[in-house]
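Colleague: Below: one structure in structure tokens.
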Amino acid sequence: MSGLMDQFRRPMGRRGRLVAALMNRGHKPLTSWGLTHVHIKPDYVILDVGCGGGKTVNRLAQQAASGKVFGIDYSADMVEYSKKVNKKLIAENRVEIVEGSVEKTGFSNDFFDLVTAIETYYFWPSFSDALREIRLVLKPAGKLLMVNEMVKDGVYEIKHAKMIEQAHVRLIPLEEIRNTLLSAGFADVQIFTKAGSPWNAVLAQKP
Ligand SMILES: C[S@@+](CC[C@H](N)C(=O)[O-])C[C@H]1O[C@@H](n2cnc3c(N)ncnc32)[C@H](O)[C@@H]1O
């Protein structure tokens, strides 16, 4: 498993595809829990940043049945993998997967009702630049939902120091996430945690 740890940041090649399959299965309970914190209307236009293997895009498209879901990832191999997972929905023009980075998505301003980011902020080169870009592409009153299974709370990062180093994870304390969101122009920041686990979900709104 340790040889796979550096694949979570930017899955590529054969090992990357294996990690994509693992994440599509393994992140399901976390993603289900995270998505309970946001109301998704059927006509929503949604962007899943760092979409990885594309399963979340697929699930979001079930909920936004008359809307459209976009996935973006900076790994060309994940884009290809996500396209396969969402082949039918892409053919129906209900899903689009694009290669690109969260800091510069290439989408128009005021375009999305919701941006989701599952297990990905840890790897963004600049958290604040990414948040500013997400705010730009969200419609006014649009929401960002970040869902994470790791937390920096003074205990988790010490217990899991080896894994964090191997996977090149950069954890940010929840209060710092809140403050960075506010500095990037978001409002109404809500932080949800799951009792007895490190899981957390952060919901914020573009004013
Ligand atoms: C741990 S995986 C999570 C994938 C998926 N969200 C899930 O929950 O299964 C992190 C993903 O974020 C992508 N990623 C990391 N930094 C990125 C960035 N700056 N821009 C776009 N994608 C990024 C990686 O390529 C990878 O597919």
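The values are calculated or read from the model by the stated rules, or taken from the named source; none is laboratory data. Every value quoted in this text rests on a predicted model; they were computed, and no experiment measured them. So basically every Cβ, Gly included, is an ideal-geometry build from the backbone, and we count neighbours across all protein chains shown. With ligands, DNA and RNA removed, areas are computed over all heavy atoms of the protein, side chains included. Shrake-Rupley method; radii C 1.70, N 1.55, O 1.52, S 1.80 Å.
Colleague: How big is the range 136-207 on each of its three principal axes, counting only the C-alpha atoms and giving the largest first in Å?
Modeller: 41, 26, 16
Colleague: Still on this structure, please answer the following. Which whole-number percent is the relative contact order of the chain (Cα, under 8 Å, 6+ apart)? Write out the running numbers ahead of the final one.
Modeller: On the way: 414 pairs, mean separation 40.4, N = 207.
Relative contact order here is 20 percent.
Colleague: Can you give the local net charge around Leu30? Use residues other than it whose beta-carbon is closer than 13 angstrom to its beta-carbon, Lys and Arg +1, Asp and Glu -1. Before the final figure, lay out each step's value.
Modeller: On the way: positive: Arg25, Lys28, Lys55, Arg59, Lys194; negative: Glu119, Glu149.
So the environment of Leu30 carries a net charge of +3.
Colleague: As a test of the formula, what do you get for the chain when each DSSP H run with n ≥ 4 contributes -39,500 (n - 2.57) and the sum is divided by the residue count, at 222 nm and rounded to the nearest 500 deg cm²/dmol? Working shown, then result.
Modeller: Working: 9 runs with 77 residues, N = 207.
Value at 222 nm, helices only, nearest 500: -10500 deg cm²/dmol.
Colleague: Please work out whether the range 1-67 counts as rounded, prolate or oblate from its C-alpha gyration tensor, where a ≥ b ≥ c are the square roots of the eigenvalues and a/c under 1.5 means rounded, while otherwise a/b larger than b/c means prolate and anything else oblate? Let's see the in-between values first.
Modeller: Numbers: a/c = 3.02, a/b = 2.19, b/c = 1.38.
Since a/c reaches 1.5 and a/b is larger than b/c, the shape of the range 1-67 is classed as prolate.
Colleague: Looking only at the range 174-207, which residues have a backbone nitrogen under 19 Å from a spot 7 Å from the Cα of His39 in the C-beta direction?
Modeller: The answer is 187-192, 202-207, whose backbone nitrogens lie closer than 19 Å to the label point.
Colleague: Based on DSSP, what percent of beta bridges with both residues in the chain are antiparallel, to the nearest 5? Each step should come with its number before you reach the end.
Modeller: Details: 12 of 32 bridges.
Here the share of antiparallel DSSP bridges comes out near 40 percent.
Colleague: Taking the Cα centre as origin and putting +1 on Lys and Arg beta-carbons and -1 on Asp and Glu beta-carbons, what dipole magnitude results for the chain, to the nearest 20 debye? Show your work: numbers first, answer last.
Modeller: On the way: 28 positive and 22 negative charges, 126 e Å.
Around 600 debye, computed over the chain.
Colleague: Out of the total accessible area of the chain (probe 1.4 Å, heavy atoms of protein only), what percent is carbon and sulfur? Numbers along the way, then the final one.
Modeller: Details: 5030 of 9740 Å².
In the chain, the share of accessible area belonging to carbon and sulfur is 52 percent.
Colleague: Direction-averaged shadow area of the convex hull around the Cα atoms of the range 2-205, nm²?
Modeller: Working: hull surface 41.5 nm².
Orientation-averaged projected area of the Cα hull: 10.4 nm².
Colleague: Work out, step by step, the length gained on full extension between Ala91 and Phe111: first 0.36 nm times the residue separation, then minus their alpha carbon distance; give nm to one decimal. Walk me through the numbers on the way to the answer.
Modeller: Details: separation 20, 0.36 × 20 = 7.20 nm, distance 2.16 nm.
Length gained between Ala91 and Phe111: 5.0 nm.
Colleague: Taking R0 as 30 Å, what's the FRET efficiency between Gln190 and Ala161 from their Cβ-Cβ distance, rounded to 0.05?
Modeller: Values: r = 29 Å, r/R0 = 0.97.
Computed FRET efficiency for Gln190 and Ala161 comes out at 0.55.
Colleague: A follow-up question, please. Which shape class, rounded, prolate or oblate, goes with the range 37-84 when its Cα gyration tensor gives a ≥ b ≥ c as root eigenvalues, a/c under 1.5 marks rounded, and past that a/b bigger than b/c marks prolate? Let's see the in-between values first.
Modeller: On the way: a/c = 2.52, a/b = 2.13, b/c = 1.18.
It is prolate, given that a/c is not under 1.5 and a/b is the larger ratio.
Colleague: Tell me, what is the percent relative contact order of the range 38-100, built from C-alpha pairs under 8 Å that lie six or more residues apart?
Modeller: On the way: 125 pairs, mean separation 22.6, N = 63.
In percent, rounded to a whole number, it is 36.
Colleague: Tell me whether the range 76-190 comes out rounded, prolate or oblate; compute the Cα gyration tensor, take square roots of the eigenvalues as a ≥ b ≥ c, and use a/c under 1.5 as the rounded threshold. Show your work: numbers first, answer last.
Modeller: Details: a/c = 2.28, a/b = 1.29, b/c = 1.77.
It comes out oblate by the Cα gyration axes.
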